[in-house]
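See structure below.
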Amino acid sequence: MKHVGILGHSWEGASLCWREVCQHSNRLGHPAHPDVTMDCISFEHCMPAWERGDYEAVRAMLATSVDRLAWAGCDFFVCPDNTAHLALEAPGDPLTIPGLHLIDIVADAAQRAGHRRVGISGNAVHDDQDLVHAAIFDELVHGIFRDETRTSFVDLIGRLADSGCDAVALVCTEIPLLVSPADSPLPALDSTRLSGQAALEVALGTRDLPTWRGGQFR
C-alpha cells in the first residue's frame, strides 16, 4: 500500500481525516490500514498571513509540511482543509510530492450520488459568512462545539434546501464534527471524511495517484 501523508492545518479536522483513513480501511474488510504520517504546523504561525491575505506566505508554511511528509516517506498527501487550498494554489515551486485536491474529492462524491445543485457551508462563502467565519475561528478550530452553533448551522442548511439545493458540502474541516448527517436537513458531503476515504483509495490502488503539486488547479 502507498504511504499516506496528511497535511494538517487545524488539528481537529486533520485528526478526523486520519481516523477515517484507518476506520474506513477496517470497514472495507482490510485487516490493516496503510502507513499514515501527519504534519501540522501550529495554526498560530499562519493566522497573521491569512489575516493580511498573504496566500504565498501561507503556501510557504504548508510547503514545509509537505517537505516533512516527503522526508517521512509519504507517496502523496491529502489536505482536508478547504481554505488551505487557496494558499496551495498560489504561485510557487512545485510541491515535493503530489496531493489530492478537495474539489476533485467532493465533486466526484456529488456526481456519484447524483446531486445536481450542491450548497456550500464553509469559510466566508455566502450571506451568512460572518456567522460561519466566527464559528470556525472562534470555536471549531479550538475543539469547541456548542449546541447554539449547531442549531445555527442546521438553520443555514435549511435555507440552502429552501433555495433549491439537493445536498450540502461541509467544506470546513471541522463542520462534520459539529453537524452530523442526522442533524442536516440535506444529504451532506463531508469533505473531511471524504478526503480520508479518497486517500485510502489511492493507498490501495483503487484511485489514481494524484499528479497535482500545488499551483493553479485545472
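The values are calculated or read from the model by the stated rules, or taken from the named source; none is laboratory data. Source: prediction; values computed, not measured. Positions of Cβ are generated from backbone atoms using ideal geometry, with glycine treated the same way; all protein chains shown enter the neighbour counts.
With respect to the numbered conditions (1) touching a residue at least 12 places away in the same chain (Cβ under 8 Å); (2) part of a helix (DSSP H, G or I); (3) acidic (Asp, Glu), which one is the sole condition not fulfilled by Asp39?
Against the list (1) touching a residue at least 12 places away in the same chain (Cβ under 8 Å); (2) part of a helix (DSSP H, G or I); (3) acidic (Asp, Glu), Asp39 comes up short only on (2).
Quickly run through the range 194-218 and pick out the residues that are part of a loop (DSSP other than H, G, I, E, B) and hydrophobic (A, V, I, L, M, F, W, C).
Leu209, Trp212, Phe217, listed by residue number.
Of everything in the range 197-213 that's closer than 18 Å to Ala113 by Cα and touching a residue at least 12 places away in the same chain (Cβ under 8 Å), which residue is surrounded by the most Cβ atoms within 10 Å (Cβ to Cβ)?
By that ranking, first place goes to Ala198.
I need a count of the residues in the range 52-80 that are of a type outside the set (Ser, Thr, Tyr) and assigned to a helix (DSSP H, G or I). First the steps, then the outcome.
If we filter the range 52-80 for residues that are of a type outside the set (Ser, Thr, Tyr), which is where we start, we get 52-54, 56-63, 66-80.
Add one more test, that the residue is assigned to a helix (DSSP H, G or I), and what stays is 56-63, 66-71.
Selection size over the range 52-80: 14.
I want to confirm something. Restricting to the range 1-57 and keeping residues that are among the hydroxyl-bearing types (Ser, Thr, Tyr) and over 13 Å from Phe77 (Cα atoms), which single residue is surrounded by the most Cβ atoms within 10 Å (Cβ to Cβ)?
Ser10
Can we say Leu186 is under 20 Å from the mean Cα position of the chain (by Cα), within 22 Å of Glu12 (Cα to Cα) and surrounded by 14 or more Cβ atoms within 10 Å (Cβ to Cβ)?
Working: under 20 Å from the mean Cα position of the chain (by Cα): yes; within 22 Å of Glu12 (Cα to Cα): no; surrounded by 14 or more Cβ atoms within 10 Å (Cβ to Cβ): yes.
So Leu186 fails the test.
Which residues, counting only those in the range 167-183, are of a type in the set (D, E, K, R) and either touching a residue at least 60 places away in the same chain (Cβ under 8 Å) or under 18 Å from Ile103 (Cα atoms) (or both)? Walk me through how you get there before you give the answer.
Pass one, the range 167-183, residues of a type in the set (D, E, K, R): 174, 183.
Once the filter is applied, which keeps residues that are of a type in the set (D, E, K, R) and either touching a residue at least 60 places away in the same chain (Cβ under 8 Å) or under 18 Å from Ile103 (Cα atoms) (or both), the range 167-183 yields only Glu174.
Go through the range 81-97 and give me each residue that's small (Gly, Ala, Ser), crowded, with 20+ Cβ neighbours inside 10 Å and either touching a strand residue (DSSP E or B) at 6+ places or on another chain (Cβ under 8 Å) or not in a helix (DSSP H, G or I) (or both).
The answer is Ala84, and nothing else.
So which residues in the range 41-76 are over 19 Å from Gly215 (Cβ atoms) and at pLDDT 95 or above?
Matches in the range 41-76: Arg68, Trp71, Ala72, Gly73, Cys74, Asp75.
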